[in-house]
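Since the structure comes first, as structure tokens, the remarks are kept for the end.
Values in this text are rule-based calculations from the coordinates and carry no lab data. Quantities reported herein were computed from a predicted structural model and do not represent experimental measurements. Heads up, the Cβs are rebuilt from the backbone with ideal geometry, glycines too, and the neighbour counts pull from every protein chain shown.
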């Protein structure tokens, strides 16, 4: 069967209107290099040994489209360097794999000579320009491209050259690479909700996973907006600044080393609480207020404990009296108020 029937294969890409995608990407570099178009038996085409990408998504969907419409685009191959009558893939790995799944036997290809270094660069570029990449996967592709070397051991890409290749700014590449320095839970959030890529940098300012967890959950279930999260993070940073120990006047010549106290772990209820009025502005405001209160409460005990070593016996006893006589009863009254308010709201809603 010919791999190139008249039916148009739908390609979900901004580059679908470009007649030759490869020339659009690399035309200036290979403009003087001739290529020979021909149909090649698929069994004679070997994958590129320099293809770094190993996982290819949605191949079955593309294969089904090929079964219905045929193979309407072209791949690029080079003569195999060691096996006569065979070819090595240069560009079009995903389409070649889908064609094998679809049972297509003949592939329309452009045959041209390419060096090992060119194969490596073309493969990296093909990975980077995929439009189904989420921001974290895109960042990993950038990192891989920047780590690649040519046959002389020189970098294939600088940040600036990489940015020019993909039509972005160097700042865009740097911001994507910064995602790889965020905690794993933040990266997973961006994988699941790519539109949170901007707020991810704010989330990463929170050191403890238990601080980030309710915010990440709120973003995933859309009970919190990016602005809500930014507000909570700002509050947490303000509290952290307020808790920073002042320099000891007696030892002002020494440089104090600020050590951030560990926060007590949140309960599962705190970790996974969701707002009862999901998605509304009132619900988001309520969740934001709760999280800000949690930040203050969680910061209280560590800050008191940190100050204990500097207390004299009389001040320590006075603090105990204050906690026993005023703080604990006040907290008890607050819990009662919260319970009564919850009961009233429950009856009103019922």
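Spacing of the modelled spin labels on residue 195 and residue 322, each 7 Å from Cα toward Cβ, amounts to 4.7 nm. Here the spin labels are modelled as points 7 Å beyond Cα on the Cα-Cβ line, and at residue 168 and residue 188 they lie 2.4 nm apart. Put in line by how crowded their Cβ is, counting other Cβ atoms within 10 Å and starting with the fewest, 227, 212, 201 read 227, 201, 212.
I want to make sure I understand the PRE zone here: with the label point 7 angstrom from the Cα of residue 38 toward its beta carbon, which residues in the range 76-108 have backbone N atoms less than 16 Å away? Those under the cut-off are 76-90, 106-108. Our note on the geometry: Cα centres of the range 187-201 and the range 108-149, 23 Å apart.
Decide, for the range 153-250, between rounded, prolate and oblate: order the square roots of the alpha carbon gyration tensor eigenvalues as a ≥ b ≥ c, take rounded if a/c falls under 1.5, and otherwise choose prolate if a/b is larger than b/c, else oblate. It comes out oblate by the Cα gyration axes. From least to most packed, judged by other beta carbons within 10 angstrom and beginning with the fewest, 95, 67 follow the order 67, 95. Listed from fewest to most Cβ neighbours within 10 Å, the set 91, 172, 157 follows the order 172, 157, 91. With a Förster radius of 30 Å applied to the C-beta separation of residue 338 and residue 130, the computed FRET efficiency comes to 0.05.
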